[in-house]
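The values are calculated or read from the model by the stated rules, or taken from the named source; none is laboratory data. Predicted, not measured: the structure shown is a model, and the values here were computed from it. Note that each Cβ is placed from the backbone with ideal geometry, even for glycine, and that neighbours are counted across all protein chains shown.
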Amino acid sequence: MIRDTPGLADLLDSSFEFSVSRNEHGEAVRVASGASLEAIAGDGSGGTFFLCRGGDGHRPVVFASSEGQAGLIADDLQAALEIITGLVAWQDCLKFSGGGSLDAMEAAHRLLERDMVSEEPEIATHRARVAADLALRDVPVPELLARLRDAVARTEPDYLVVSEAGDEYESLFGRFRPSDNPNWR
């Protein structure tokens, strides 16, 4: 549907860092559960979004960065797209989560959203267009942040990403807090 809707793939790429044309990861990876991974999109910095396929038909979404962090981000593609479009800087919300604190993620989101709106004033219009084209729900930010945090917290053991050499990727939860960013003081 993303590829078949005129302009949608370009909008997802340019405004939300979800590019269906970049769907190859830099190295072979697997998840600890043995579920197969299907690369479906990438971001601008070399990260990859994967659909996991287990025997139960469940298709959660895992993200692996090019810097060695990875984790479960949503229970299905629709929920992942709601997070990706509703929290434009979702990766930075995790980076500045203080190890997974919802309060830190909320504080980071407020600052990141302010920065995003000043850089891209049309972001709300872009969100609405993507939501309409893909029939996404308009989920309140606190719920999106909680769903993201809860998904990442459930990464281990089944969705732990492992390289072909057996190296485990680090958690998507960063140790930084919003107060650690000098631009936000």
Practice item. Answer with yes or no whether H109 is in contact with a Cys (Cβ under 9 Å, 6 or more places away or on another chain) and within 22 Å of F18 (Cα to Cα). Key: yes
Practice item. Being small (G, A, S), surrounded by 16 or more Cβ atoms within 10 Å (Cβ to Cβ) and closer than 11 Å to R149 by Cα is the filter here, so list the residues in region 71-100 that pass it. Key: G71, A74, S97, G100
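Name the residues in region 99-110 that are closer than 24 Å to R137 by Cβ and either assigned to a strand (DSSP E or B) or acidic (D, E) (or both), would you?
Of all residues in region 99-110, those closer than 24 Å to R137 by Cβ come to 102, 105-106, 108-110.
Across region 99-110, the qualifying residue is only E106.
Within region 111-123, is even one residue part of a helix (DSSP H, G or I), at pLDDT 95 or above and of a type in the set (D, E)?
Start the filter on region 111-123 by keeping residues that are part of a helix (DSSP H, G or I), which leaves 111-119, 123.
Keeping just the survivors that are at pLDDT 95 or above gives none.
Among the residues of region 111-123, not one is part of a helix (DSSP H, G or I), at pLDDT 95 or above and of a type in the set (D, E), which makes the answer no.
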Practice item. State which residue is surrounded by the fewest Cβ atoms within 10 Å (Cβ to Cβ) when the search covers only region 28-70 and only residues that are of a type in the set (V, I, T) and within 23 Å of R3 (Cβ to Cβ). Key: I40
